[in-house]
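Student: Supplied in structure tokens, the structure appears directly below.
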Ligand SMILES: C[S@@+](CC[C@H](N)C(=O)[O-])C[C@H]1O[C@@H](n2cnc3c(N)ncnc32)[C@H](O)[C@@H]1O
């Protein structure tokens, strides 16, 4: 295991112990209509019977909601404690979820074309090389299958957290190697204690195109709150878009778009 992976594994285990952000499990209310939570963009439709990989998605939220919606779910995560939350919630709700402790950039434990859908919450920031992840996902996804992923926008990782008199200044370079500087606990756009990497647009979007995907849609989840106080996440999000969500379809060499849509059509 690389030093980055070992570091982030420890960091996420510690975040579970402290009940930090993004370690909260799915709520009773979310279980009342799981599809409404997992498919906010309306990109999926019925997931029942589909083989779904929740990638880097431990924490007892995404996996169990997909399972409650009828999907056949496998969750991959680097953090044993995040995966334990999936097992606990699944047991409490009598749902079936397979948990696999692994890194998103090595999915060699799965056979080719094992899944019809791969969903990945914000997490590619924890690996230095996003294209390795894309190559792995392309291999385990069937031709015509969907890859729904959410990422931190580069500018979100470049801009100051606290505004100056001139607004949220861009202080981190766009072209860079190595992880971003550490942040204080409670910083809303970053996870304190983890090693995070900025991926440029050509890596985030071009990487998908170069590794066997067609991008079908893109969304920017809205967190902007014009009434929020300066320095809060809602205020910063009025100026700095935090995330991007991408709907990508696995293309095949000899497969037409029409044939691919038959494999997954909402
Ligand atoms: C934002 S959290 C996951 C989603 C969470 N359930 C939520 O609702 O926000 C990011 C996850 O990425 C995982 N992670 C970090 N580095 C990873 C890696 N290299 N491979 C797989 N998972 C990783 C962390 O352990 C953590 O569970």
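Student: Can you give the FRET efficiency for residue 177 and residue 10, using 1/(1 + (r/R0)^6), R0 = 35 Å, r = Cβ-Cβ distance, to the nearest 0.05?
Tutor: Taking R0 as 35 Å, the efficiency between residue 177 and residue 10 is 0.95.
Student: For an R0 of 25 angstrom, estimate the FRET efficiency from the Cβ-Cβ distance between residue 166 and residue 21 and round to the nearest 0.05.
Tutor: Result of the calculation: an efficiency of 0.30.
Student: In the Gaussian network model of the chain, springs joining C-alpha atoms below 10 Å, which of 42, 145, 234 carries the largest mean-square fluctuation?
Tutor: In this elastic network of the chain, the residue with the biggest mean-square fluctuation among 42, 145, 234 is 42.
Student: First obtain the Kirkwood hydrodynamic radius of the chain from its Cα pairs, then insert it into the Stokes-Einstein equation at 10 °C and 1.306 mPa s, and state the resulting D in µm² per second as a whole number.
Tutor: Values: Rh = 19.1 Å.
This corresponds to a translational diffusion coefficient of 83 µm²/s.
Student: Under 18 Å from a label point 7 Å along Cα→Cβ of residue 214: give me every residue in the range 15-46 with its amide N that close.
Tutor: Output list for this probe position: 43-44.
Student: I need the peptides 106-114, 191-199, 152-160, 67-75 ranked by packing, meaning the mean over residues of other C-beta atoms within 10 angstrom, with the highest value on top.
Tutor: Answer by packing, highest mean first, reads 67-75, 191-199, 152-160, 106-114.
Student: Below 8 Å, C-alpha to C-alpha, sequence gap of six or more: please give me the relative contact order for the range 3-263 in percent.
Tutor: Once normalised by length, the contact order is 17 percent.
Student: Ok, one more. Mind checking which of 140, 162, 119 has the largest fluctuation in a GNM of the chain, springs on alpha carbons under 10 Å?
Tutor: Between 140, 162, 119, it is 162 that shows the largest mean-square fluctuation.
Student: Now a separate question. Kindly provide the Kirkwood hydrodynamic radius of the range 165-255 in Å, to one decimal, from all pairs of distinct alpha carbon atoms.
Tutor: 15.8
Student: Measuring from centroid to centroid over Cα atoms, what is the spacing of the range 185-237 and the range 16-78 in Å?
Tutor: Between the Cα centre of the range 185-237 and that of the range 16-78, the gap is 20 Å.
Student: If I fit a long axis through the Cα atoms of helix 130-140 and take the longest principal axis of the Cα atoms of the chain, what angle between them do I get, 0 to 90°, rounded to 10?
Tutor: The angle comes out at about 10 degrees.
Student: Here's something else I'd like to know. Just 138, 57, 185 to compare: in a GNM of the chain, with alpha carbon springs under 10 Å, which one fluctuates most?
Tutor: 185
Student: Another question, if that's okay. In nm, what is the difference between 0.36 nm times the number of residues separating residue 132 and residue 96 and their Cα-Cα distance? Write out the running numbers ahead of the final one.
Tutor: Values: separation 36, 0.36 × 36 = 12.96 nm, distance 2.89 nm.
Residue separation times 0.36 nm, minus the Cα-Cα distance, leaves 10.1 nm.
Student: OK, next. Output the 0 to 90 degree angle, nearest 10, between the alpha-carbon long axis of helix 3-18 and the longest principal axis computed from the alpha carbons of the chain.
Tutor: Here the helix axis deviates by roughly 80 degrees.
None of the figures in this text is laboratory data; all of them are computed from the coordinates on show. For clarity, every value in this text was computed on a predicted model and none was experimentally measured. Virtual Cβ from ideal backbone geometry, glycine too; neighbours counted across all protein chains shown.
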